[in-house]
Amino acid sequence: MPRKARLTAVVAAAAATFAMTAIAVADEAKLPSVLVWTAYGTGSSGNAQSVAIGNMLKNRYGTSLRVLPGKNDVSRMTPLRDGKADFCACGIASFFGQEGAMLFAKPNWGPQPLRLLMTSIGSFGLGVATAKDANIRTPADLKGKRVAWVRAGDALNVGTTAYLAFGGLGWNDVKKVEFGGFTDSAKGLINDQVDAAFMSTVTPYAKQLAASPRGIRWPVLAHDDDAAWARFLKVAPYFIRHKVTAGAGISKDKPWEGSGYSYPILVTNASYDARTVYALVKALHVGYDDYKDAAPGAKGWAMSSQNFTWVMPYHKGAIRYFKEIGVWTDAMQAHNDRLLKRQAVLAEAWRGVKGSGLEGAAFKAAWMKARSAALEKAGFDPIFK
């Protein structure tokens, strides 16, 4: 080959290498200097875990995590919807948001295109905590007792409703006491304003209740009582039978035969930058040892604890990392694709109702009817009707 031709080839190869390197650098997923996410109020286990994760991000990556505490489900989800928060370390209300149900069955909400990053599934549980002095040993014993209801707290209220159903009860069988937020309801239990309130077994408020003169007791949900569990899951199908070994008044030696689901549930919008999602999921995995013992329930973020075939789809940035470390399968992808189809069915049904001009209860009734019809036609269980 002539010298000039060889030189041209070398230059071309170098240019190609430089271009490929530039693309690789441009595609390198890095965390921004600041991330914002919403969480439950201060004092909750979700907030404590968020702070622990924030410390890890700052120490390892120089990223500041700004945690915005929300008093209720709407206040946690609104910043995410409006683009003022990157993520939400939510409770199961994120699932209600995806479904456009409960408080999200309104013209300014509707089904949200949410995507999972990771969740915490640990040895803790979620359920109705009761004051020991109220002598509530099973959900059936809630009859006639004072039970907390949190305004705009669908996740808490549906969970409590499921507990009542387990015991063959409804809200007419108890004394309903309303609170403005989770923290208020938890403090109300400690301060003898109610006898029962829904919470995580590892929230600091559960520990405070256990240390108070009232004491704490978690009503037993017998795992072999299939009839009771059928009633329970009909109300809240995202729960699981869970032998809980961590929490106030609970240990490996004294486990609670109870219930649970993922919490916190870290979500973002479908349109959110995939490279940032990839970088955050990678950081949560790589930096796990830095925060797993820094807050109650934080061990639940382990990659081995993730449920890749749950009720909400994962973000493509998260899937990219899961594939990279070899934990994502074709079956998981098929499940994820079906969940995306469900969201598409919900979105199409929403477009048909949103411009109806209806308001209030009339709008909600029309939407829930259209929602159920569309999902059933597409072969999905509406769950909420």
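Odds and ends about this structure:
- Reciprocal mean inverse distance between Cα atoms of region 218-360 - Kirkwood radius, Å: 18.3
- Simple spin-label estimate for residue 75 and residue 176 gives 2.2 nm between the two label positions (7 Å along the Cα-to-Cβ direction from each Cα).
- Amide H to amide H, with H built 1.01 Å from N, residue 147 comes under 5 Å of 175, 176, 177, 195, counting only residues 5 or more places away or on other chains.
- Sorted by Cβ density within 10 Å, fewest first, the residues 267, 34: 34, 267
- In this calculation the C-beta distance from residue 324 to residue 240 is compared with R0 = 30 Å, giving a FRET efficiency of 0.60.
- Applied to region 200-216, the Karplus parametrisation 6.51 cos²θ - 1.76 cosθ + 1.60 on θ = phi - 60° returns per-residue 3J(HN,Hα) values of 7, 5, 10, 5, x, 5, 5, 5, 5, 5, 4, 8, 7, x, 6, x, 10 Hz, with x for Gly and Pro.
- For region 126-260, taking Cα atoms only, Rg and Dmax work out to 13.3, 37 Å respectively.
- Label-point separation, residue 369 to residue 253 (7 Å along Cα→Cβ), nm: 6.0
- Converting phi to 3J(HN,Hα) with the Karplus coefficients 6.51, -1.76 and 1.60 and the offset θ = phi - 60°, region 186-193 yields 5, 5, x, 5, 5, 8, 6, 8 Hz in sequence order, with x at every glycine or proline.
- Entries of 71/341; 187/254; 106/207 with Cα pairs more than 27 Å apart: 71/341; 106/207
- Computed from backbone phi, the HN-Hα couplings of region 118-123 come to 7, 9, 9, 10, x, 7 Hz, rounded to whole numbers (Karplus: 6.51 cos²θ - 1.76 cosθ + 1.60, θ = phi - 60°; Gly and Pro given as x).
- Computing Rg and the Kirkwood Rh from the Cα coordinates of the chain gives a ratio, Rg/Rh, of 1.05.
- Electrostatic dipole magnitude of the chain [Cβ: Lys, Arg +1; Asp, Glu -1; Cα centre; debye, to 20]: 660
- Where the alpha-carbon atoms of region 55-95 are placed on the principal axes, they occupy 31, 19, 17 Å, in descending order.
- For 190, 121, order by how many other beta-carbon atoms lie within 10 Å, fewest first: 190, 121
- Nitroxide proxy distance, nm - points 7 Å out along Cα→Cβ at residue 316 and residue 381: 3.0
Bear in mind that the values in this text are calculations on the coordinates, not laboratory data. Keep in mind that this is a model prediction, so the values were computed, not measured. Don't worry about glycine lacking a Cβ; one is built from the backbone with ideal geometry, like all the others, and counts go over all protein chains shown.
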